[in-house]
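Any read-out appearing in this document is the output of simple, stated calculations on the displayed coordinates, not a laboratory observation. The structure displayed is predicted, hence computed values, not measured ones. In this analysis, Cβ positions are derived from the backbone assuming ideal geometry, glycine residues included, and neighbour counts consider all displayed protein chains.
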Amino acid sequence: MQRPSFADLPAADLDADQLEAVIRYHDHRYHDLDDAEIPDQVYDALVRRLAALRPTSAVLAAIGGGDGTADGERIEHRAPMLSLDKCYGFTELMEWAKDGTLVLRASPKIDGAAVSIRYDGTGRFELAATRGDGRRGEDIGRNVRRIPGVPAQLPTELLGDAPIEVRGEVYMPLSAFAEVAELFANPRNVAAGALKAKESGGVPPESLRFFAYDLLGVEVASEAEKTERLHALGFTPAPSQTCSAGASEAVFTHWEQRRAALDYETDGVVFKIDDVATQRRLGVTGHHPRFAIAWKFQGDSGESRLVGVEWSVSRTGTITPVALVEPVALSGATISRATLHNLSNVERLTLRIGDTLLLTRRGGVIPHVEGSRGGGDAEIVPPAACPGCGAATEVRSSMRRVAGEDVETRTLHCSAPGDCPPVLRAQLFHYTAALEIDGFGPKILDALLAAGLLHDAADLYRLRPEALLVLPRMAETSANKLVAQVAARRQVPLPTFLVALGIETLGRHAAQLLASRYTLAELRALPREELAAIHSLGELTAERIADGLQDAGPLIDRLLHHVEIVRDAPAAATGGALAGEVVVFTGKLERMGRRDAQQLVTRMGGVAGSSVTAETTLLVVGGDELTADPPSSKLKKARKLAEANGTLKIVAEADFFDEVQGDAS
Ligand code: IVH
């Protein structure tokens, strides 16, 4: 085994691939040649660093170290958890399928962690395990139980007496990952880490989700029927549709195009032969089943030269470095910028202007700097003055626990965010967007700030049409409309208000959780320790929320002169009755307005969609539209999808509200 050229660099300078190579090399020296080159402490540092960057690394599994995998109790799988055969094009897929009329079930390949969950003969959650080496996995039942949408008890009337097993993918929604993105390499690592975590304090399992794709111990004739059963048992099946092998290309393209709009990462489309009897006949190899194949999306990585760093001022006054690169085509788009998150990350990547960067698009979407091949010379110097207002900048340091390691993160800040125009503009933009106050685009906000009419969100409520008329190109009707828009949003549900404050890490998930437990006054008076003790929030998030609420104190006081906080029904955001559901409304609703109905869905842990897509799980039809002839286009589309895809249900408005409102009270 050859010595890697980078073997002398300190652990902190190596990326995960390099660490794996170096650790393999030192293992070989130690075990095979009995001739260790480095002291144990240095070796341990390499392993710890790899565990932080890639907790799921096969190298860690092989040496039995890393994130504690070796200590976890091992669980023997009843049937091996196999891998998937893969291909990269229609020709290859047809070589596998052989027959264009073969009926397949297609579902996006979710980039998460494979999990097996077992229920006993009475439908009780028994245990959950990671895939491990395919034969034996690690016991992760304690954490899997806490994932919203994983039932603790299955409906007994749907079961025989035999135990059943559900397999699927645990993933972190991208909307939740966004709140911790700067700390972790990718959502898959976060999910894997959170599943295996033995202590609380990291990312809570409540922020993960589970897509079921397999059901063992229940006789079904087809994959389509399996999907229906999983749904009836209370799981969220991975989105799927039936198609012929000949139509697989259209399905593949469909998912490739939708990829950017999904709330989870996908790396391809899984095609399975729909008929279970045929599946049995074909059987498995030691590595993968013969009846399934993953058609992978094309690679999303490329290289480009770093031509500069832009320092961009955020809503919170943090100044974020953004890499400016020579335009490069990556998965169908031209990339010229990628966030570098913070100072520590720039240092970790040892970047210099002129370096050749390795770029990927996370989830095929967000440009991400994976590493540098070097080659540059000019040093990157953080600005001493804020690019937004010229005030001095300051460096702040915080310690966070990432995959069991204490990691220091250094960030750059504007020292006068209260007077910094880009900060104010971003805060106001965020506030109006969160409250769905229309009309306040960046141009109008800039004009209002320049005219001295706005200093914070509370000033929005003081705007008068006459004053707005001084703005360039502002006509009377638009001025009236803007003011009316603001006035119409004086009643604000607590979760929306909390999100609108723009506190870092206080996103929709956390806001709903907090609003389900406290009033605003209670929340503001809450001792830090109590906030930090909320299990499903995570320590890190709780800390930042506590700081944020305190800093926002004066703004909250000013806002309360103008807005009335309306308390939501106390349905828990996580594990709410609609957790895992994507609900779309059509037709004129009789019980309540569309917006209120959508808010109800959100309060009950569901997602309110605006159009019917393959993601939709529930279409709620208002009035007498169910019997309308011809049916509306939404309904027509939903019926088609429901036929192809067992996850979509169509219900009448009255049934839906009876059910969920019964649940909420
Ligand atoms: S079907 C043999 N459907 O991909 C297992 N798997 O690379 C057949 N995966 O370990 C499973 N999304 O965890 C199936 N929609 C999907 C999937 C999916 C992700 C994972 C699965 C498996 C891995 C194989």
(message) Distance between the C-alpha centers of segment 510-548 and segment 414-456? Whole Å please.
(response) 26
(request) State, in angstrom, two size descriptors of segment 173-324 derived from its alpha carbons: Rg to one decimal place and Dmax to the nearest whole number. (result) 20.2, 62
(message) Helix-only estimate, please: 222 nm mean residue ellipticity of the chain, summing -39500 (n - 2.57) across DSSP H runs of length 4 or more and dividing by its residues, to the nearest 500.
(response) -9000 deg cm²/dmol
(request) Arrange the peptides 552-565, 141-154 so that the one whose residues have, on average, the most other Cβ atoms within 10 Å appears first. (result) 141-154, 552-565
(message) Projecting each Cα onto the charge dipole of the chain (Lys/Arg +1, Asp/Glu -1 at the beta carbon, about the Cα centre), which of P493, S57, I75 comes out farthest on the positive side?
(response) P493
(request) Output the pairs from K198/K226; K98/K226; K443/K637; K86/K637; K296/K649; K198/K649 with a Cα-Cα distance over 27 Å in this structure; if there are none, say none. (result) K198/K226; K443/K637; K86/K637; K296/K649; K198/K649
(request) List the cysteines in the chain whose Cβ has no other cysteine Cβ under 4.7 Å from it. (result) C87, C243
(request) With θ set to phi - 60°, apply the Karplus curve 6.51 cos²θ - 1.76 cosθ + 1.60 along segment 428-433 and write out the HN-Hα couplings as whole Hz, x wherever there is a Gly or Pro. (result) 5, 4, 4, 4, 5, 5
(request) Report the relative contact order of the chain, percent, no decimals, based on alpha-carbon pairs under 8 angstrom and at least 6 residues apart. (result) 11
(request) Decide, for segment 584-641, between rounded, prolate and oblate: order the square roots of the alpha carbon gyration tensor eigenvalues as a ≥ b ≥ c, take rounded if a/c falls under 1.5, and otherwise choose prolate if a/b is larger than b/c, else oblate. (result) oblate
(request) Normalising by the residue count of segment 489-542, find the relative contact order in percent from Cα pairs under 8 Å and 6+ residues apart. (result) 28
(request) Would you mind checking which residues have amide H under 5 Å from T350's amide H? H placed 1.01 Å from N; only 5 or more apart, or other chain. (result) none
(request) For the chain, compute Rh as the Kirkwood radius over C-alpha pairs and then the Stokes-Einstein diffusion coefficient at 10 °C and 1.306 mPa s; write the answer in µm²/s, rounded to an integer. (result) 58
(request) Amide H neighbours of L340 under 5 Å, at least 5 residues apart or on other chains, H built in the peptide plane: list them. (result) V322, A323
(message) Give the aspartates and glutamates reachable from K481 as a straight Cα distance under 13 Å; neighbours fewer than 8 places away on the same chain don't count.
(response) D438, E466
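Indicate the gyration tensor shape class of segment 100-253 (rounded, prolate or oblate), computed on the Cα atoms with a ≥ b ≥ c the square roots of the eigenvalues: a/c under 1.5 is rounded; otherwise a/b larger than b/c is prolate and the rest oblate.
Since a/c reaches 1.5 but b/c is at least a/b, the shape of segment 100-253 is classed as oblate.
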